[in-house]
Amino acid sequence: MAKRLTIIRHAKSSWEEPDCSDIERPLSRRGLRNAPEMGARLAKRNWLPDQLLVSTARRARDTATLIAIEIGFSREQIMVNERLYLAEPSEWREIISALPGWISHAACVGHNPGITELANHFGDALIDNVPTCGLIDMTFGVDAWANLFTAKPVAFEFDYPKIPSQ
């Protein structure tokens, strides 16, 4: 059975409240538009992960919730994972490699630079920066999550809000 991994960078956050802690920063107006837009794009593709893992940051949780609404994914199925907050590639590897076998499609919402570094681990072309609310959707011909990091994806899609909707 193949494994599918989608990594999503949180939508644009607001910097309007200078005293707000990083972890509690909300989405900006643009972020509040982009997250449902990307969710609608994913819904058109019948995109529905088995598991949605999300950073504890408010901007990541809000991004995941807005996408979940658009794809008809139950908010109760969203798993907040404190290790995804500003996760480095090594942390991503540990989390993804430990996913249970019953999951065939996992999606994770996190932050840069980890998202871009993770995308570049798998992709053939260098991505300078995964923009806010950008996503990388990959399918692998492996049967265990632990084998993902030694494999190349058989399908690799990079999408973000400024790419015209298809």
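The values are calculated or read from the model by the stated rules, or taken from the named source; none is laboratory data. For clarity, every value in this text was computed on a predicted model and none was experimentally measured. Ideal geometry is used to build each Cβ from the backbone, glycine not excepted, and the neighbour counts take in all protein chains shown.
When PHE122 is tested against (1) free of Cβ contacts under 8 Å to residues at least 40 places away in the same chain; (2) over 18 Å from the mean Cα position of the chain (by Cα), just one condition goes unmet, and that condition is (2). Of all residue pairs spaced 6 or more apart or on separate chains, those with beta-carbon atoms under 6 Å, a first member in region 96-116 that is among the β-branched types (Val, Ile, Thr) and a second member that is surrounded by fewer than 20 Cβ atoms within 10 Å (Cβ to Cβ) and part of a strand (DSSP E or B) are ILE103/GLN51.
From the list GLY110, GLY134, which one is at pLDDT 95 or above, surrounded by 13 or more Cβ atoms within 10 Å (Cβ to Cβ), within 11 Å of the chain's Cα centre (by Cα) and closer than 17 Å to GLN51 by Cβ? Steps first, answer last, please.
Working: GLY134 fails: closer than 17 Å to GLN51 by Cβ.
Matching residue, one of GLY110, GLY134: GLY110.
Restricting the search to region 150-165, which residues are closer than 19 Å to ALA125 by Cβ and either exposed (fewer than 13 other Cβ atoms within 10 Å of the Cβ) or over 17 Å from the mean Cα position of the chain (by Cα) (or both)? Step through it out loud before you land on a result.
To start, the set of residues in region 150-165 that are closer than 19 Å to ALA125 by Cβ comprises 151-160, 162-163.
Listed by number, the residues that qualify are ALA151, LYS152, VAL154, ALA155, GLU157, LYS162, ILE163.
Number of residues in region 103-156 that are within 28 Å of LEU27 (Cα to Cα), part of a loop (DSSP other than H, G, I, E, B) and hydroxyl-bearing (Ser, Thr, Tyr) equals 1. The set of residues in region 88-102 being buried (at least 16 other Cβ atoms within 10 Å of the Cβ), among the hydrophobic types (A, V, I, L, M, F, W, C) and out of contact with any Leu (no Cβ under 8 Å at 6 or more places or on another chain) consists of LEU99 alone.
ILE67 meets each of the listed conditions (1) farther than 17 Å from PHE158 by Cβ; (2) within 12 Å of the chain's Cα centre (by Cα) apart from (1).
Give region 18-30 a look and list any residue that's charged (D, E, K, R) and more than 19 Å from TYR85 (Cβ to Cβ), or say none. Walk me through it before giving the result.
As a first pass, look at region 18-30 and keep what is charged (D, E, K, R): 19, 22, 24-25, 29-30.
Of everything in region 18-30, those that are charged (D, E, K, R) and more than 19 Å from TYR85 (Cβ to Cβ) turn out to be ASP19, ARG29, ARG30.
For region 2-33, taking the residues that are of a type in the set (Ser, Thr, Tyr) and under 17 Å from the mean Cα position of the chain (by Cα), the one that is surrounded by the fewest Cβ atoms within 10 Å (Cβ to Cβ) is identified as THR6.
Taken over region 88-99, the criterion of being assigned to a loop (DSSP other than H, G, I, E, B) and modelled with pLDDT under 95 is satisfied by GLU88 alone.
Selection of region 44-69 for residues being crowded, with 17+ Cβ neighbours inside 10 Å, under 26 Å from TRP145 (Cα atoms) and aliphatic (A, V, I, L, M) yields LEU52, LEU53, VAL54, ALA57, ALA60, ALA64, ILE67, ALA68. Only one of the numbered conditions (1) modelled with pLDDT of 95 or more; (2) of a type outside the set (D, E, K, R); (3) farther than 26 Å from PHE149 by Cα is violated by THR6, and that is (3). Only one of the numbered conditions (1) touching an Asp or Glu at 6+ places or on another chain (Cβ under 9 Å); (2) closer than 26 Å to TRP92 by Cβ; (3) not acidic (Asp, Glu) is violated by SER14, and that is (1). For the residues ALA64, ALA35, ALA60, ALA68, the requirement of being modelled with pLDDT of 95 or more, touching an Asp or Glu at 6+ places or on another chain (Cβ under 9 Å) and assigned to a helix (DSSP H, G or I) singles out ALA35.
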